[in-house]
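Structure first, then comments.
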Amino acid sequence: SHEVVAPVRETTAQVLGIASSHLPVQEMLQLQGLFLKLLSSGEWQARHGGLLAIKYLLAARQDITPEFLTALLPHVIKSISDDDDDVRAVAAAALLPVSNTLPEKVPEALIFSLTDKLWTSLVVLDDLSASTSSIVTLLAELLKHKHICNYYNSGSSGDSLDALVPRLRPFMSHTIRSVRKDSLLTLHVLVSIHGPWVDKIAPLFARVLYQRIFLETEEQFYPLITKVWGSLFTATSGECRKKIVVDHLP
């Protein structure tokens, strides 16, 4: 990982997370006010520390109220596009502990705003970005929720899936193994819901997946690559499959 090492902030945030498990709701609201002050600071270290505190609090308090999350989430979403890459990294990581329950606890508009932000972030990430791993992982976790996938598949989003999904391609050969895995899982989830857009991205990803079989250094990824390959071809039309094969014949 390329994320900044901040042992004092990290340890303090962990202690706060543990201590928060004993706090009543009223004092949790006071903590929320402190977090928001840190996130609005002009110093990146303060914003980074505030997001670390949020991360461990959310991990420790799975009983967190929808009202608390709804008030906090817009500020975390804003931090995902922070000027500092380490702040962006911990902003996405802060939501991972609640990624399974978040879509059921906050308004859909906020969730879609979050996933839109994550898709947009993929455009500016590279191998050296500290935020790559947490952003790709969070996107993969959120897209496991069927209604979020359907939001993009139905065309309700401002961007079509045939424009968004190719943004995953660079991360399938990323140096961090978890990034490669999560990008493959995200592609699998999306093509499994089918749609006419799949034919548009199939030639690109058929080539990428074929290359990954030969270039992937982790043997345990081979079954996943094969699974995604199968899902991709199942979701494409017969004409598209024929074109992919013919175009690659010598």
Inset, instruction - Could you pull out every one of the helices (runs of 4 or more DSSP H) wholly within the range 131-250 that has 2 or more residues that are under 30 Å from Ala91 (Cβ atoms)? - result: 132-142, 146-153, 161-164, 177-192, 197-215, 222-235
Legend entry - Those residues of the range 93-141 which are under 20 Å from Ser160 (Cα atoms) and of a type in the set (S, T, N, Q), in sequence order: Ser113, Thr115, Thr120, Ser121
Legend entry - the range 113-130: number of residues that are outside any loop (DSSP other than H, G, I, E, B) and open to solvent by less than 30 Å² (accessible area, probe 1.4 Å): 6
Inset, instruction - Check Tyr210 against each of (1) open to solvent by 90 Å² or more (accessible area, probe 1.4 Å); (2) out of contact with any His (no Cβ under 9 Å at 6 or more places or on another chain) and name the one condition it does not meet. - result: (2)
Legend entry - Of all residues making up the range 40-75, the number that are in a helix (DSSP H, G or I) and open to solvent by 20 Å² or more (accessible area, probe 1.4 Å): 14
Inset, instruction - For residues that are loosely packed, with under 14 Cβ neighbours inside 10 Å and of a type in the set (S, T, N, Q), scanning just the range 140-163, find the one that is modelled with the lowest pLDDT. - result: Ser156
Legend entry - Close pairs (7 angstrom Cβ cut-off, 6 or more residues apart or separate chains): open to solvent by 80 Å² or more (accessible area, probe 1.4 Å) in the range 16-30, of a type in the set (A, V, I, L, M) and modelled with pLDDT of 85 or more anywhere: Ile18/Ala60
Inset, instruction - Determine whether the range 93-104 contains at least one residue that is open to solvent by 10 Å² or more (accessible area, probe 1.4 Å), under 26 Å from Gln211 (Cβ atoms) and assigned to a loop (DSSP other than H, G, I, E, B). - result: no
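The values are calculated or read from the model by the stated rules, or taken from the named source; none is laboratory data. Keep in mind that what you see is a predicted model, and the values were worked out from it rather than measured. Every residue, glycine among them, receives a Cβ derived from its backbone with ideal geometry; neighbour counts consider all protein chains shown. The protein model used for the area step is the full one, side chains on, heavy atoms only, and it has no ligands, DNA or RNA in it. Shrake-Rupley method; radii C 1.70, N 1.55, O 1.52, S 1.80 Å.
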